[in-house]
């Protein structure tokens, strides 16, 4: 699967966002740059964003996911791994931290803010760091995530997009779950789903 995973690094520590099908590359990058993975944030619980969690986590790594999305980590029907002939289920003893809208996650004295953006799934989130916005599958450069999968909701997606349009500076840099990213001002011009706002 073509999916974007992200590594935030500071002082030889790493935070991973959405370790989907990029586990080997993530591990190699961290080893080559002497980075120890400390935390993982999941924008949502679909298989293409979580598959390689099992490859990178250990007893010391904390996994963050929205409280409404927790069940996706333990249910192949929700995380859609059954569609790929896999039954993805995490062990119950993982270090799991549940977040809500406006939660803050501290990483090496830096603050990352969580924004709840239901629509693609009920517990989809975005991650904000200064003027950098990791949008998961809520917002792509020229499209949006599907709303016809388990717990998806078109009305909630509309409200989430409206929240992005009203709360974010046009200078914000968007890092989506799939495809290229870019300046939010350019995305407003390219993305028909944002033009109505």
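Here are some notes:
- Boolean, residue 50 is surrounded by 16 or more Cβ atoms within 10 Å (Cβ to Cβ) and in contact with a strand residue (DSSP E or B) (Cβ under 8 Å, 6 or more places away or on another chain): no
Residue-by-condition table, conditions (1) touching a helix residue (DSSP H, G or I) at 6+ places or on another chain (Cβ under 7 Å); (2) in contact (Cβ under 8 Å) with a residue 24 or more places away in the chain; (3) within 24 Å of residue 151 (Cβ to Cβ):
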{"position": "18", "(1), (2), (3)": "yes, yes, yes"}
{"position": "21", "(1), (2), (3)": "yes, yes, yes"}
{"position": "38", "(1), (2), (3)": "no, yes, no"}
{"position": "46", "(1), (2), (3)": "yes, yes, yes"}
{"position": "68", "(1), (2), (3)": "no, yes, yes"}
{"position": "72", "(1), (2), (3)": "yes, yes, yes"}
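- Pair list, Cβ under 9 Å, 6 or more apart: the range 78-103 residue at positive phi and touching a residue at least 40 places away in the same chain (Cβ under 8 Å), other residue buried (at least 17 other Cβ atoms within 10 Å of the Cβ) and in a helix (DSSP H, G or I): 80/47; 80/48; 80/72
Residues checked against (1) closer than 18 Å to residue 42 by Cβ; (2) surrounded by 14 or more Cβ atoms within 10 Å (Cβ to Cβ):
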site: 89; (1), (2): yes, no
site: 111; (1), (2): no, no
site: 124; (1), (2): yes, yes
site: 130; (1), (2): no, no
site: 136; (1), (2): yes, yes
site: 162; (1), (2): no, no
site: 172; (1), (2): no, yes
site: 176; (1), (2): yes, yes
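- Of all residues in the range 110-130, those satisfying the criterion of being in contact (Cβ under 8 Å) with a residue 24 or more places away in the chain and either at positive phi or touching a helix residue (DSSP H, G or I) at 6+ places or on another chain (Cβ under 9 Å) (or both) are 115, 116, 117, 118, 119, 120, 121, 122, 123, 124, 125, 126.
Quick note: the coordinates plus some simple rules give every number you see, no bench work behind them. None of the values given here were measured: they were computed from a predicted structure. Using ideal geometry, Cβ is built from the backbone for each residue, glycine included, and neighbour counts are taken over all protein chains shown.
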